[in-house]
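Okay, so here's the structure we're looking at.
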Amino acid sequence: MVKVSQLVYTRPQKEEVISSLKKFKHDLDSASTLEEFMSVHEQYKEFAIDLFTNISLADIRYTQDTRNEFYTEERNYLDEVLPEINLHSAEVAKCYLTSKFRPQLEKIFPSVMFTNLQLQTDSNSPLIVEDKIEQNKLVTAYTNLMSNVVVDFNGEKLPLSGLAKYYGVPDRETRKQAYMKLGEVLVEKGEKLDEIYDNLVKIRTRMGQKMGFENFSPLGYMQMQRNCYNKQDIAKFRKNVEKYIVPLTVKIRKKVADKMGWDKQFLYDFNVFTEQEPKPYGSAEEIFKEASNMYNEMSEETGKLFDLMVESECFDYMSREGKWGGGYCTTLPKYKLPFILSNFNGSAGDIDVLTHEFGHAFEAYKEFDIESSFLSSISMETAEVHSMSMEFLAYPWIDKFFKDRTEAYKFYHIGSAVTFIPYGTIVDYFQQNCYDNPTMTPSQRNDMFNMMEKQFIPYMSTEGLPGIEKGRRWQRQAHIFESPFYYIDYCLAQFTALQFLALSQKDYKATFDKYVKFVSLGGTKSFVDLLKECDLYSPFEEKSFKIVVEAIEKILDL
């Protein structure tokens with residue numbers, strides 16, 4: 001049995017990797033028969049999987065302890081060399097696009113692979129390698145800055161991820177003080193955070209212009225593998241979020257405020273949906289035991305995977321100092337293992353992250369068997385449908401975690417999902433404006449974020465919270481620094497996951513089968529084509545909003 005802690009990391013030596021990539025390019029271009037081309041393809045696949053596994057292992061160990069000097073150095077090294085390595089990988093990808101065997105290859109590989117490889121090729125250039133290196137260093141600087149923050153709160157020394165457990169506690173004053181503490185951190189670090197992001201905007205703008213665009217936005221869309229929708233489609237989605245989802249969130253929050261007796265709602269009320277926080281019962285170990293039971297009852301495949309991951313040490317779930325503050329699922333493809341990192345803090349979010357990241361893990365498990373996955377993976381909005389839908393598909397077992405708090409949890413969970421969409425839309429809208437107007441000052445960016453919050457979250461006030469009331473809340477959102485234009489993927493996915501929720505209320509088995517089909521087809525079709533294939537509504541059509549809102553109003557009795 002493979003144990004993640006025992007895996008041996010080998011540094012990818014830049015010159016050796018680049019030399020190998022050049023040889024693969026030569027051999028693919030020189031192949032005289034389809035059989036010869038496919039033989040080189042198999043060798044390249046083994047090489048690429050080994051390379052990614054080592055990169056992934058270095059990232060895992062760095063995020064497990066950002067104070068670890070060895071893996072901090074490896075992270076810095078990889079930041080330096082990966083842009084150039086990726087450039088040569090893109091050259092290998094071109095071989096599939098320009099091969100004289102392409103007509104035959106198009107019968108072997110899914111058509112979306114060629115679309116994605118074209119995007120990969122078009123978004124890589126020697127012109128921007130140095131800029132990418134500089135960008136990576138700034139992203140790492142942001143990660144280090146935020147991961148190493150330790151605050152004194154409620155008699156504890158907490159990382160920011162640990163402070164988050166107080167954002168949803170029943171006592172309003174405690175919540176307020178927790179957000180005050182976050183605000184104080186953003187004020188203290190604000191100047192440095194402004195500097196990092198300002199430099200990121202400048203570097204990314206420069207990259208876009210070197211690639212022949214007016215600004216970074218078109219390049220950012222290509223880097224995010226937007227293969228079936230564009231900026232105009234996102235604008236339509238945003239318009240319908242404001243028209244349909246924002247009023248729905250106002251209804252949800254009014255129901256909460258009436259129950260709580262609040263005349264006015266503040267940011268520190270944002271995560272509260274019930275009088276008592278619906279915390280899960282049991283220790284982390286007990287939660288994992290129940291999760292194993294759940295996934296074994298859900299299906300043979302999900303049970304087998306969950307137990308394999310536990311036995312192989314593929315979960316790192318407890319919050320601690322120095323650990324990266326978020327949650328993610330990555331893969332170790334050489335061993336056909338997903339790996340999940342999270343930060344349990346005793347809140348309902350522990351169950352959310354457990355089910356969410358396992359949705360990613362289940363998709364990864366299925367994708368290991370897709371021949372083209374190492375060349376062309378799923379796009380991010382598709383990936384997030386897998387994870388967010390799994391949260392809802394866990395509902396038949398959710399009482400095992402929450403017992404008498406189950407109904408409170410469901411209202412909190414569905415309410416959170418719906419109210420997230422306007423916030424996520426803001427994060428994307430904010431970035432779109434930052435990159436379309438790269439000369440904005442830090443102060444102008446903060447003012448813009450404040451304005452957007454009033455537009456899309458009209459029931460919420462940030463009054464009295466240092467830094468946050470001045471528009472600095474976006475600086476806590478790591479995606480804005482690390483993964484430009486990623487966040488709208490969460491919104492599109494959440495919208496789609498709400499469809500799975502609505503369907504599961506009518507016929508769970510049929511819905512789960514539809515979900516497995518959606519997951520199994522990932523990487524072989526674009527997001528829009530997947531929706532059509534699985535008979536789901538598109539988030540770019542207005543009628544889909546009417547249907548989803550009607551279903552949610554019924555479920556939540558609004």
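The values are calculated or read from the model by the stated rules, or taken from the named source; none is laboratory data. Small disclaimer: the values here were computed from a predicted structure and weren't measured. Ideal geometry is used to build each Cβ from the backbone, glycine not excepted, and the neighbour counts take in all protein chains shown. These area figures cover heavy atoms from the full protein model, side chains too; ligands, DNA and RNA do not enter into them. Shrake-Rupley method; radii C 1.70, N 1.55, O 1.52, S 1.80 Å.
Annotation: amide H-H contacts under 5 Å for T331 (H modelled 1.01 Å from N, sequence separation of 5 or more, or interchain): F339. Residue ranking by accessible heavy-atom surface, 1.4 Å probe, largest first, among R172, R238 comes out as R172, R238. Just how much of R67 is accessible, in Å², when a 1.4 Å probe is used and the result is rounded to the nearest 10? Around 130 Å² of this residue is reachable by solvent.
Taking amide H as placed 1.01 Å from N in the peptide plane, the amide H of Y9 sits under 5 Å from none that are at least 5 places away or on another chain.
The portion of the accessible surface of region 190-314 made up by carbon and sulfur, rounded to a whole percent, is 47 (1.4 Å probe; DNA, RNA and ligands excluded). The phi-based Karplus calculation (6.51 cos²θ - 1.76 cosθ + 1.60; θ = phi - 60°) puts the 3J(HN,Hα) values of region 364-379 at 4, 4, 6, 6, 4, 8, 8, 4, 8, 5, 6, 8, 8, 8, 5, 7 Hz, whole numbers, x for Gly and Pro. Ranked by the mean number of other Cβ atoms within 10 Å of their residues, highest first, the peptides 44-50, 516-522, 339-345 fall in the order 339-345, 516-522, 44-50.
Taking a sphere under 14 Å around the Cβ of M440 and counting the other residues whose Cβ falls inside, with K and R at +1 and D and E at -1, yields a net charge of -1. The reciprocal of the average 1/r between distinct C-alpha atoms defines the Kirkwood hydrodynamic radius, which for region 57-105 equals 13.0 Å. Taking amide H as placed 1.01 Å from N in the peptide plane, the amide H of V151 sits under 5 Å from that of L158, each at least 5 places away or on another chain.
Ignoring lysines fewer than eight residues from K181 along the same chain, the ones with Cα atoms less than 17 angstrom from its Cα are K157, K165, K189, K470. Averaged over its residues, region 1-151 has an accessible area of 47 Å² per residue, based on protein heavy atoms and a 1.4 Å probe.
Quick check: residue separation of I108 and S483 times 0.36 nm, minus the Cα distance between them. What number comes out in nm?
Gain on extension, I108 to S483, equals 131.8 nm.
With the convex hull built on the Cα atoms of the chain, state its orientation-averaged projected area in nm².
Averaged projected area of the chain's Cα convex hull equals 24.1 nm².
Rounded to the nearest 20, the size of the Cβ-charge dipole of region 343-422 about its Cα centre is 320 debye, with Lys and Arg at +1 and Asp and Glu at -1. Computed from backbone phi with θ = phi - 60° and the Karplus coefficients 6.51, -1.76 and 1.60, the 3J(HN,Hα) list for region 9-16 is 8, 10, 5, x, 6, 3, 5, 5 Hz; x is used for glycine and proline.
Along the positive direction of the dipole of the chain (beta-carbon charges: Lys, Arg +1; Asp, Glu -1; about the Cα centre), which of N240, V129, L28 reaches farthest? The listed residue farthest towards the positive side: N240. Please report the carbon-and-sulfur percent of the accessible area for region 41-123; probe 1.4 Å, protein heavy atoms only, DNA, RNA and ligands left out. So the carbon and sulfur contribution to the accessible surface is 49 percent. Whole-Hz Karplus values for region 397-404 come out as 10, 5, 5, 5, 8, 10, 6, 6 Hz, taken residue by residue from phi with 6.51 cos²θ - 1.76 cosθ + 1.60 and θ = phi - 60°; glycine and proline positions read x.
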